[in-house]
Each structure stands twice: as structure tokens, then as C-alpha cells.
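One structure is given below, encoded as C-alpha cells.
The values are calculated or read from the model by the stated rules, or taken from the named source; none is laboratory data. Just so it is clear, the model here is predicted, and its values are computed rather than measured. Cβ atoms come from the backbone with ideal geometry, glycine included; neighbour counts cover every protein chain shown. Side chains included, ligands, DNA and RNA excluded: accessible areas come from the protein's heavy atoms. Shrake-Rupley method; radii C 1.70, N 1.55, O 1.52, S 1.80 Å.
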Amino acid sequence: MQSDLAYPQVLVGGFNTISCTRAELAELLLEDCIEARKQGESWLPKLVFSSNGQGVTLAGKSPEFMRMMSEADIVHADGMPVVFASKLTEAPLPERIPTTDFFHDAAQVAEPNGLRFFMLGAKDEQNAAAVAAIEKIYPGLNVVGRHHGYFTEAEDEAVCEMIRESKADVVWIALGKPRQEEWCFRNRDRLRGVGWLKTCGGLYAFLAGDVPRAPEWMQKAALEWLFRMMDDPKRLAWRYLSTNPYAFYRLVRETRRRRDR
Ligand code: UDP
């Protein structure tokens, strides 16, 4: 699925990871959305996922998650450890593409080009606060719909109907791993004509201002996990302390140059 990409990919932590900058990824988003509008029903949305320590760990334990990550159209490096590991390859990634920052790159491309965003996921209140924040920062951006992330599989069709009616070009999906990736595969066919389904984990919490962002130096030093853990130890301490060593192991073992076009 990933072979038609214009950028090289490197195998990092087991995932074919796109080697491009944030700005280049935002350009790809625009090109795909324009193409999707042209093709309409014959366009299957591209599934664009992100790679971080949590995902690398999950993939080592769950063949199903590994399969979803390898069948994604684009995987980008969300975590700094992924970028560091890529230095073991012949084609190191030029930079980290955290979804939290990439959202803004995407919004800046979407606003002047009239792309439409649909925001799916998180608690209703957080989702609404995130949308309000987006509308404040990007008054010209078309946020054409939103829906919280606490619904059952039986309600998928109704949610997709809402998305189709909104004529969204990009659906941002924050349901946590692996639910958000599963949702994308399960509903991709119902959403023909949508350019991208982009998973975005904790994005709405940041946009809503519910969670502070780690200082720049911690992000650069691959210590964002430590900052998040200290901010919310009850929820995250076990997650990080139990998964980091294994993620490190997989990042070293499952990293090599794979393909360069
Ligand atoms: N979430 C959701 N539905 C669910 C489970 C999670 O909408 O059934 C949302 C949750 O509210 C949060 C987002 O998914 O906004 C990311 O979840 P989590 O914090 O587990 O992911 P992280 O980004 O920390 O890996």
C-alpha cells in the first residue's frame, strides 16, 4: 500500500516510516484531498497513522496491530525515539512529525485551500473545547463537523453518515491506540471520497488546553514521555515504565533501511 509514496521510507521499530518533513507531509495531505475530490466515490481514504514508543510496543505484542500499521498508507514518526532510531539507518528521518504539531501544519495548508476537517473522538466536552480552540486560531478553517469518541461499533454507520454529509476532506480520529486504527480500517470503505483518515490520539486534550505540552528541550531530548508521565502519573506511569524498555529493544532490533525511491 505504501509503495507509491514519493518519499523514501525506512523501517524503524518494525514500521515503514515516511522520511519527509512536516511541511512535505502537509503538502501530501493537500494533494491527496484535491485528488480525492476529483475521484469521489472511487477514492478510498488514505490511512495515515503515527509511530511512537507505545505503538512500537503494541505491535510487538499484537500481530493485528502490526498488520494494521503495515497496511497503512503512511506512517510518520510521532516520537523522538523513532527519529533517533532512524539514525541507525542509511536514511535518517529529517525531523519528528508529532501529530500535535502536524495538526497546525495541516490547518495552515487547509485554511487557504478550503479543505474541510471533521473532528472525531475524545469526550464530548473535550472535543467541543478543541473545536472552539481551532476556530479561534484558524477563523477561516472549515471545521464541518465533530463527534465524541464514546460510541459502539453498531453506531459506526450513523457516525460515517454524519461525516459523509459534512463533505469532510480530512477526518481526525482520536480514540486511543489501537481503537482508532481499527476504526479506520473498519470504516474506510464507508468514507469513500474523504482524502485522509488521520489518527491523532491525545490531540484534542492539547488543543482544549487540558494537558500541557512538554518544554521544547524535553521534546528534543526524547523525554516527552517523562513530562507526560509526571503530569498524569496515575494514568501514564505504568504505561511508560512497563513499555519503554521493550520499545527501546524493538527500536534497536526492528530498525533498518528498507526502501529508498
Ligand atoms: N478515547 C475515545 N474513545 C475511547 C477511548 C479513548 O474517544 O473509547 C479518546 C480519549 O478521550 C482521548 C484519546 O482517545 O482523548 C486518546 O486516548 P489516550 O489518552 O488513551 O491515547 P494517547 O494519545 O495518550 O495514546
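Show that you can apply the helix-only estimate: for the chain, add -39,500 (n - 2.57) for every DSSP H stretch of four or more residues, divide by all residues, and state [θ] at 222 nm to the nearest 500.
It lands at -15000 deg cm²/dmol.
Is the shape of the range 39-121 rounded, prolate or oblate, going by the alpha carbon gyration tensor and its root eigenvalues a ≥ b ≥ c, with a/c under 1.5 for rounded and a/b larger than b/c for prolate? The partial results should precede the final answer.
Numbers: a/c = 2.05, a/b = 1.38, b/c = 1.48.
Taking the square roots of the gyration eigenvalues as a ≥ b ≥ c, the range 39-121 is oblate.
From the phi of every residue in the range 144-151, what ³J(HN,Hα) in whole Hz does the Karplus formula 6.51 cos²θ - 1.76 cosθ + 1.60 yield, where θ is phi - 60° and glycine or proline is x?
9, x, 8, 7, 5, x, 10, 9
How large is the dipole of the range 67-221 about the Cα centre if only Lys and Arg carry +1 and Asp and Glu carry -1, each at its Cβ, rounded to the nearest 20 debye?
160
Rank these by accessible area, largest first, 1.4 Å probe: SER242, SER166, SER51.
Numbers: SER242 45, SER166 20, SER51 0 Å².
Listed by decreasing accessible area, they come as SER242, SER166, SER51.
Work out Dmax and Rg for the range 165-261 from the C-alpha atoms and quote the Rg first, both in angstrom.
17.0, 45
Of all beta bridges DSSP finds with both residues in the chain, what is the antiparallel percent, to the nearest 5?
Roughly 25 percent of the beta bridges in the chain run antiparallel, per DSSP.
List, in order, the whole-Hz ³J(HN,Hα) value for each residue of the range 39-49 obtained from phi through the Karplus relation with A = 6.51, B = -1.76, C = 1.60 and θ = phi - 60°; use x for Gly and Pro.
Using θ = phi - 60°, the values come out as 7, x, 4, 7, 8, 8, x, 6, 9, 10, 10 Hz.
Given a 1.4 Å probe and heavy atoms of the protein chains only, how would you sort ASP189, ASP78, largest accessible area at the top?
If we order ASP189, ASP78 from most to least accessible, we get ASP189, ASP78.
For the range 193-261 and the range 126-160, what is the separation of their C-alpha centers, rounded to whole Å?
Computed from Cα coordinates, the inter-centre distance equals 22 Å.
Give the relative contact order (percent, whole number) for the chain; include only Cα pairs under 8 Å separated by 6+ residues.
31
Using a 1.4 Å probe on the protein heavy atoms only, what accessible surface does MET66 show? Give it in Å² to the nearest 10.
Counting only protein heavy atoms, MET66 exposes about 50 Å² to solvent.
What number, in percent, do you get for the relative contact order of the range 148-221 if the mean sequence gap of Cα pairs under 8 Å and at least 6 apart is divided by its residue count?
32
What is the percent carbon and sulfur in the accessible area of the chain, measuring with a 1.4 Å probe over the protein chains and ignoring ligands?
C and S fraction of accessible area: 54 percent.
For the range 1-157, what class follows from the C-alpha gyration tensor (a ≥ b ≥ c being the square roots of its eigenvalues): rounded when a/c is under 1.5, otherwise prolate if a/b is larger than b/c, else oblate?
Prolate, because a/c is 1.5 or more and a/b exceeds b/c.
Which of the three applies to the range 15-59, rounded, prolate or oblate, going by the alpha-carbon gyration tensor with a ≥ b ≥ c and a/c under 1.5 meaning rounded?
oblate
Please list, ordered by chain and number, the residues whose modelled amide H lies under 5 Å from the amide H of GLY201; skip anything fewer than 5 residues away on the same chain.
Those lying under 5 Å, H to H, from GLY201 are LEU175, GLY176.
Along the positive direction of the dipole of the chain (beta-carbon charges: Lys, Arg +1; Asp, Glu -1; about the Cα centre), which of PHE206, GLY121, THR255 reaches farthest?
My answer, from the dipole projection, is THR255.
Can you list the lysines whose alpha carbon sits under 29 Å from that of LYS177, skipping same-chain ones fewer than 8 residues off?
Here the lysines satisfying the reach criterion relative to LYS177 are LYS46, LYS61, LYS87, LYS123, LYS136, LYS167, LYS198, LYS220, LYS234.
Nothing charged except the Cβ atoms of Lys and Arg (+1) and of Asp and Glu (-1): what's the magnitude of the dipole of the chain about its Cα centre? Round to the nearest 20 debye.
Result for the chain is approximately 760 debye, rounded to the nearest 20.
Among GLN39, TYR246, HIS148, whose Cα projects farthest towards the positive end of the dipole of the chain, with charges put on the beta-carbon of Lys, Arg (+1) and Asp, Glu (-1)?
Value computed over the given set: TYR246.
What are the ³J(HN,Hα) values, in whole Hz, obtained from phi via the Karplus relation 6.51 cos²θ - 1.76 cosθ + 1.60 with θ = phi - 60°, for each residue of the range 161-169 in sequence order, with x given for Gly and Pro?
4, 4, 5, 4, 5, 6, 6, 5, 8
Measuring with a 1.4 Å probe in the full set of protein chains, what accessible area per residue, in whole Å², belongs to the chain?
Counting only protein heavy atoms, the per-residue value for the chain is 45 Å².
Quick check: residue separation of ALA132 and TRP238 times 0.36 nm, minus the Cα distance between them. What number comes out in nm?
Fully extending the segment from ALA132 to TRP238 adds 34.9 nm.
Could you put TYR138, TYR246 in order of accessible surface area, largest first, with the 1.4 Å probe and the full protein assembly present? Provide the component values of the computation, followed by the final result.
Working: TYR138 20, TYR246 65 Å².
Largest to smallest exposure gives the sequence TYR246, TYR138.
Work out the length of the dipole vector of the range 157-243 about its Cα centre, built from +1 on the beta-carbon of each Lys and Arg and -1 on the beta-carbon of each Asp and Glu, and round it to the nearest 20 debye.
Once rounded to the nearest 20, the dipole reads 180 debye.
Can you give me the long-range amide H partners of HIS148? Hydrogens built in the peptide plane at 1.01 Å from N, cutoff under 5 Å, separation of 5 or more residues or another chain.
Result for HIS148 returns GLY121.
Amide H of ASN142: which non-local residues (sequence gap of 5 or more, or other chain) have their own amide H closer than 5 Å, using H built in the peptide plane?
PHE117
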